[in-house]
Amino acid sequence: MIPLPPHRPGLRIGLFGGSFNPAHAGHRHATLLAMRRLHLDWAWWIGTPRNPLKDTSGLPSLEARV
């Protein structure tokens, strides 16, 4: 199990899900934009094990993408 990043009551945390195959500058840009516009303290990326809208036959394991 992957431990959660630091958190405490009162923090504004955004969740960004995707396959992140691979994670790239566009993901980072979208994250920073959301953090700025929504006044988030943290943004947590959630890697999906499979995307039902994409061919996942060549998708590396979730552990490799994390």
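Label Ala64 and Arg8 with points 7 Å out from Cα along Cα→Cβ: what is the distance between them in nm?
3.9 nm
Using a probe radius of 1.4 Å on heavy atoms only, what accessible surface per residue do you get for the chain? Whole Å² is fine.
Details: 5410 Å² over 66 residues.
That works out to 82 Å² per residue.
What is the dipole size for the chain, taken about its Cα centre, with +1 at each Lys and Arg Cβ and -1 at each Asp and Glu Cβ, in debye to the nearest 20? Write down the numbers at each step before the final one.
Details: 8 positive and 3 negative charges, 45 e Å.
Dipole about the Cα centre, nearest 20: 220 debye.
Please give the helix 25-38 orientation as an angle from the longest Cα principal axis of the chain, in degrees from 0 to 90, rounded to the nearest 10.
The answer is roughly 30 degrees.
Can you tell me the FRET efficiency between Ser57 and Ala25 if r is taken as the Cβ-Cβ distance and R0 is 25 Å, rounded to the nearest 0.05? Intermediate results must be reported in sequence, preceding the final value.
Values: r = 26 Å, r/R0 = 1.03.
Efficiency, rounded to the nearest 0.05: 0.45.
Have a look at Pro52, Pro9, Asn21 and report the one farthest towards the positive end of the charge dipole of the chain, computed about the Cα centre with Cβ charges (Lys/Arg +1, Asp/Glu -1).
With unit charges placed on the Cβ atoms, the residue in question is Pro9.
Just Leu40, Leu11, Leu53 to compare: in a GNM of the chain, with alpha carbon springs under 10 Å, which one fluctuates most?
Checking each option, the largest mean-square fluctuation is seen for Leu53.
How large is the Kirkwood hydrodynamic radius of the chain, counting all unique pairs of alpha carbons, in Å? Before the final figure, lay out each step's value.
Details: mean 1/r = 0.0755 Å⁻¹.
It works out to 13.2 Å.
Mean-square fluctuation check for the chain, GNM, Cα pairs under 10 Å: which of Ala43, Ala25, Ala34 is largest?
Per the Cα network of the chain with a 10 Å cutoff, Ala25 tops the list.
The values are calculated or read from the model by the stated rules, or taken from the named source; none is laboratory data. Everything numeric in this text was worked out from a predicted model, so none of it was measured. Every residue, glycine among them, receives a Cβ derived from its backbone with ideal geometry; neighbour counts consider all protein chains shown. When the accessible area is computed, the model is the full protein with side chains, heavy atoms only, and any ligands, DNA or RNA have been set aside. Shrake-Rupley method; radii C 1.70, N 1.55, O 1.52, S 1.80 Å.
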